[in-house]
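Data first, discussion second: the structure below is written as structure tokens.
Taken together, the values in this text are just the output of simple stated rules run on the coordinates, not laboratory data. Remember, it's a predicted structure, so these values are computed and weren't measured experimentally. Cβ atoms come from the backbone with ideal geometry, glycine included; neighbour counts cover every protein chain shown.
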Amino acid sequence: MTENFRNEEKIEYPCKWLYKVIGRERVALEKALEEVVPGSSSSMKGSNISNKGNYLSFNIEIYVKSEEERNRIYEKLKNHPAVKVVL
């Protein structure tokens, strides 16, 4: 007999949420963050640079009020031209 367990952690809102964003230029990524969440109390810290130096990754911490807001920010970042990948 097999049992399926879903070990989903419940997220308590409001909270700080961390996105990892990958792109080519720091200034363009900073501008993307300002366009997606203007005036927010967010922080952006460098994380890694690819071996050839073509891509940069940043950890962006944003205060979110709900799951809907968290998902909306993710979608906006993902669809921004300066952003290659969002995790």
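Using the Karplus curve 6.51 cos²θ - 1.76 cosθ + 1.60 with θ = phi - 60°, work out ³J(HN,Hα) for each residue of the stretch 73-79 in order, rounded to whole Hz, and write x for Gly and Pro.
Once rounded to whole Hz, the list reads 5, 4, 4, 5, 5, 4, 8.
Below 10 angstrom from the Cβ of Tyr19, what's the summed charge of the other residues (Lys, Arg +1; Asp, Glu -1)? The partial results should precede the final answer.
Numbers: positive: Lys20, Arg70, Lys78; negative: Glu61.
For residues surrounding Tyr19, the net value is +2.
Counting only other residues whose beta carbon sits under 11 Å from that of Glu61, what net charge do I get with K and R as +1, D and E as -1?
Within the 11 Å Cβ shell, the charges total +3.
Of Val27, Val37, Val64, which has the largest mean-square fluctuation in a 10 Å C-alpha GNM of the chain?
Fluctuation is largest for Val27.
Where the only charges are on Cβ atoms (+1 Lys, Arg; -1 Asp, Glu), what is the dipole of the chain about its Cα centre, to the nearest 20 debye? Walk me through the numbers on the way to the answer.
Working: 15 positive and 13 negative charges, 85 e Å.
Its charge dipole is roughly 420 debye.
With viscosity set to 1.306 mPa s and temperature to 10 °C, compute the Stokes-Einstein D of the chain, Rh being the Kirkwood radius across alpha carbon pairs; µm²/s, no decimals. Show your work: numbers first, answer last.
Working: Rh = 14.1 Å.
Approximately 113 µm²/s, per Stokes-Einstein.
Report Rg/Rh for the stretch 48-87, rounded to two decimals, where Rg is the Cα radius of gyration and Rh the Kirkwood radius.
On the way: Rg = 12.2 Å, Rh = 11.6 Å.
When Rh is taken as the Kirkwood radius, the ratio is 1.05.
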